[in-house]
Amino acid sequence: ATLRFASALLAIQNEDLDHFQKLNNSTYLLPASFPNLELVEEKEIQEYYLFHGNLSVQEVHDSALWLLQEVVPNLGKIQFKIAGKNPSQSLIEAAKSSSVELIINPNQQEMSELILKAKLHVLPTSQETGLKLKLLLALQCVGKTIVNSKQLAGNDLQEFCLVANSGEEFIAIIKEEFAKPIAVEERKIAIETFKKRMNIHDQLRNVLQKLDII
């Protein structure tokens, strides 16, 4: 009930915005901030697709395992890498049996390089758990990002992603993307548009202007 009397509420995602606007009309969207990544040169992009995250989290573990079971076996020699914290023994064994490179507990620099140099980011999720930092990082890269619809729940980032919801759809998009060169200039424009959309300073300024604070 106290929220009804607040001067303003700031929501981090669209679903929160819809919910809190019912309580208080002065509710505004202020997306999550994220660290900026510097683009690598086209020649530094490597021929692999990447899934990354905190592998000790059940949802992340399940998504990685799903890729190993439903996608990887149908992609031939296209290289797949998984990187993240504290994978379970079952995931380690599944990656090994699939001849997938599993990078365990990379440091920040190693993870950044893996993200920046991937030709493709493959980020399905099994749960609608809100906007994820790993998606915000991937969308700053020259390599494109494939997600499922659950990864886009509560945000408006669909225009920056390739969307697939079945193993067959992921397989088809991965094969298609690996068969063609990266459109570097097109990607740079998309990345710049994405960064402007998610610029925390601009978003905050817009909110403060609406509240007549600046």
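Table for the structure above
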{"quantity": "Mean Cβ count within 10 Å, highest first, over the residues of peptides 140-148, 158-166", "calculated": "140-148, 158-166"}
{"quantity": "Those aspartates and glutamates that a straight Cα-Cα span of less than 19 Å connects to Lys150, excepting residues fewer than 8 apart in one chain", "calculated": "Glu15, Asp16, Asp18, Glu59, Asp62, Glu70, Glu128, Glu159, Glu168, Glu169"}
{"quantity": "Pairs from Lys22/Lys119; Lys96/Lys195; Lys43/Lys134; Lys22/Lys144 whose Cα-Cα separation, in the structure shown, is over 32 Å", "calculated": "Lys22/Lys119; Lys96/Lys195; Lys22/Lys144"}
{"quantity": "Percentage, to the nearest whole number, of Cα pairs in segment 161-202 over 11 Å apart", "calculated": "72 percent"}
{"quantity": "Candidates His52, His61, His19: whichever shows maximal mean-square fluctuation once the chain is modelled as a Gaussian network with Cα springs under 10 Å", "calculated": "His19"}
{"quantity": "Simple Cβ-charge dipole of segment 80-179, Lys/Arg +1 and Asp/Glu -1, about Cα centre, in debye nearest 20", "calculated": "240 debye"}
{"quantity": "Only Lys, Arg (+1) and Asp, Glu (-1) charged, at Cβ; segment 148-195 dipole about Cα centre in debye", "calculated": "140 debye"}
{"quantity": "Nearest 10 degrees, 0 to 90: helix 108-117 Cα axis against the chain principal axis", "calculated": "80 degrees"}
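Read-outs: derived from the displayed coordinates by stated rules, not from any lab. If you're wondering where the values come from, they're calculated on a predicted model, not measured in any experiment. Methodologically, a virtual Cβ is constructed for each residue, glycine included, from the backbone with ideal geometry; neighbour enumeration extends over all protein chains shown.
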